[in-house]
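Note sheet for the following structure.
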Amino acid sequence: MTSAASTRPRKFDSLEQEAYLNLWRTYDRLRFFEEQLFERHGLTAQQYNALRLLRARHPEAIPTLVLAARLISRAPDITRLVDRLVERGWASRERIEDDRRVVQVRITQPGIDLLESLSAEVIECHKRQLGHLSPNELRQLIALLRAARHPHEPPDSEWLR
């Protein structure tokens with residue numbers, strides 16, 4: 001006699017697929033909170049991330065390609081992303097005299113002010129996303145995500161540290 005569980009079709013082709021699809025669904029559910037937050041300020045998550053990276057180097061500028069490489073998710077059109085930051089007054093762009101192909105990007109004071117004004121809301125957003133997990137669970141999750149990403153990161157990635 002077969003049980004109902006053994007006759008039920010498999011949901012996933014492999015354990016790896018199940019893990020990946022769970023990761024994807026989790027990202028989709030958590031992303032909702034940040035989209036709500038950033039939309040209220042006319043900002044995307046990618047633009048926010050770029051501004052964070054620029055602020056970390058302030059007052060220095062960052063070459064556009066270095067900024068693109070450091071973003072959390074790939075930006076296929078970094079030029080358009082920088083254009084939007086410059087148009088909104090949150091960043092400035094300058095070409096290097098020695099090599100006109102290199103474009104440097106720097107956060108402006110309005111960009112810094114925007115990040116400061118968002119700080120408490122961003123912290124609250126992260127608490128809404130993951131605040132139900134204990135500190136130990138969060139550390140375990142971070143370790144597992146790093147381990148999953150490790151073979152796919154460039155050797156010098158700061159995300160491996």
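Where a number appears in this text, it was derived from the coordinates with a stated rule and is not lab data. Here the structure is a predicted model, which means the values were calculated and not measured. Positions of Cβ are backbone-derived with ideal geometry, glycine not excepted, and every protein chain shown enters the neighbour counts.
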What residues of the range 109-146 lie in the reach of a label at Leu71, counting those whose backbone N is under 15 Å from a point 7 Å from the Cα along Cα→Cβ?
none
Could you give the length gained by full extension between Arg55 and Arg31, i.e. 0.36 nm per residue of separation minus their alpha carbon distance, to one decimal place?
6.4 nm
Mind sorting out which of [x] 38, 20, 15; [y] 25, 22, 14; [z] 32, 18, 13 is the real semi-axes √(5λ) of the Cα gyration tensor in Å computed from the coordinates?
[x]
Relative contact order of the range 15-150, please, whole-number percent, based on alpha carbon pairs below 8 angstrom and at least 6 residues apart.
23
Answer with one residue from Gly42, Ile107, Ala19: the one whose Cα lies farthest towards the positive end of the charge dipole of the chain, charges on Cβ with Lys, Arg +1 and Asp, Glu -1.
Ala19
Using helices alone, what [θ] at 222 nm do you get for the chain, with -39,500 (n - 2.57) per DSSP H run of 4 or more residues, divided over all residues and rounded to the nearest 500?
-19500 deg cm²/dmol
Charge dipole (debye, nearest 20) of the range 15-150; +1 at Cβ of Lys and Arg, -1 at Cβ of Asp and Glu
180
Which of the peptides 47-56, 122-131, 94-103, 60-69 is most tightly packed, and how do the rest follow, judged by the mean count of other Cβ atoms within 10 Å per residue?
47-56, 60-69, 122-131, 94-103
Treating the angle as unsigned and between 0 and 90°, give the value, to the nearest 10°, between the Cα long axis of helix 15-40 and the longest Cα principal axis of the chain.
40
